[in-house]
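Encoded as structure tokens, the structure appears first; notes follow it.
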Amino acid sequence: AHTQKLRRKALTDLLWAEREGIRRSGLGGNHRRALLSVAAFTAAAKRDELKVIFKAENASLRKEKHPSYREWVADCAEAGDPAAIAQLRGFSYADKRKGKHPQEPDVADVQRPYFTTTSDSDLDPARPARLSARVTWAVDRSTGAVNYTVNDRLAFRDEGRRITFNKDSRNDADSIEMGLLLAKEKFGAVAVHGGQEFRDRVLATAVERRLDVRFADPELEQQRKEAIKADIDQKRQRFVEDQKQVDGIRQHEAKKAPWQAAMARDEALQALSAPAPVRPVRDYVEMDAVEADVAQYRARLDRKYQEFGASGQTRRRRSASLADKWRKARPCSGTVILART
């Protein structure tokens, strides 16, 4: 009945928030009234659905053996209800006074290292919180203490005024980190109790992981501040040294002869925009070859007409005429032959 009441109240609060959101949305009258109507219908449907669920739950409970009040409180505590956890603590104190438990669980082993508060007020275990994806928790049904596991290993136990560690977790940085975060939320300034090795490990974890915690012990808190300052100074010095190396490389590069372009930008643009030079009609080598060929042909013609007894003038005239015809008949790739004078 108690859990059903809480769920019914949660639904009422949710539906009320939805209606208020619509009223304050600034929408026009017709649009707003339409949304409120839909919200009212949805609310009625959800309430009916919840009634059906409650009816089925009640029927199931009637068939089962009715648990005792203490068992029901333990069930609520396992679900994370802070009031139920506090009630389990009350049961534990009452059992101690009646002599059922000669030793209170949180003081049974005073040699275990732990975090605690400097306040004199009594504290119940904190409402279980999801500190990290690596952390899970479970409520002790007999005492109300909350056991936290980190990386699937028991890390620490929230016993109200103390957060205790076991022999394995007191050397584990992950467990100490999660314990410090929980202690900070519960206690504010964290009082560290345990051997020097445990205190050193706690200090190193807080510094290395940059945890925003404050220790109640002035000496330990001063060590934390000094360690953080030393770490910051070391990183700053490393940065300065790296910067000096970079500056040295830059200065060395600057001393080298500056690179110079083959031509200025304006000269390059002018060269690119200038028209392409006119190529010669025929290369001189080709022209010389053609003229030499013509001369050889004339010589052959002269010898030919000389053999037939023609006069010198007639031979020269006929040789020139035939040579000219021969030259005009030769293929010249469509170019004009420039004759020498």
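The values are calculated or read from the model by the stated rules, or taken from the named source; none is laboratory data. Please read all numbers here as calculations on a predicted model, not as lab measurements. All Cβ positions, even for glycine, are placed from backbone atoms using ideal geometry, and neighbour counts span all protein chains on display.
When the range 24-39 is filtered for residues that are surrounded by 13 or more Cβ atoms within 10 Å (Cβ to Cβ) and either in a helix (DSSP H, G or I) or among the basic types (Lys, Arg) (or both), the ones remaining, listed by number, are Arg32, Ala34, Leu35, Leu36, Ala39. Please go through the range 3-23 and pick out each residue that is more than 38 Å from the chain's Cα centre (by Cα) and either of a type in the set (A, V, I, L, M) or outside any helix (DSSP H, G or I) (or both). Scanning the range 3-23 gives a single hit, Leu6. When restricted to residues that are under 27 Å from Lys55 (Cα atoms), touching a residue at least 12 places away in the same chain (Cβ under 8 Å) and not charged (D, E, K, R), the range 1-39 contains 6. A count restricted to the range 146-156 and to residues that are buried (at least 24 other Cβ atoms within 10 Å of the Cβ) and more than 30 Å from the chain's Cα centre (by Cα) stands at 2. The set of residues in the range 145-194 being more than 22 Å from Pro218 (Cα to Cα) and among the β-branched types (Val, Ile, Thr) consists of Val146, Thr149, Val150. When Ala227 is tested against (1) in contact with a Leu (Cβ under 6 Å, 6 or more places away or on another chain); (2) at pLDDT 90 or above, only condition (1) is not met. Checked against (1) at pLDDT 90 or above; (2) surrounded by fewer than 10 Cβ atoms within 10 Å (Cβ to Cβ), Val278 passes all but condition (1). Taken over the range 169-208, residues that are part of a loop (DSSP other than H, G, I, E, B), on the phi < 0 side of the Ramachandran plot and either touching a Gly at 6+ places or on another chain (Cβ under 9 Å) or surrounded by 14 or more Cβ atoms within 10 Å (Cβ to Cβ) (or both) amount to 1.
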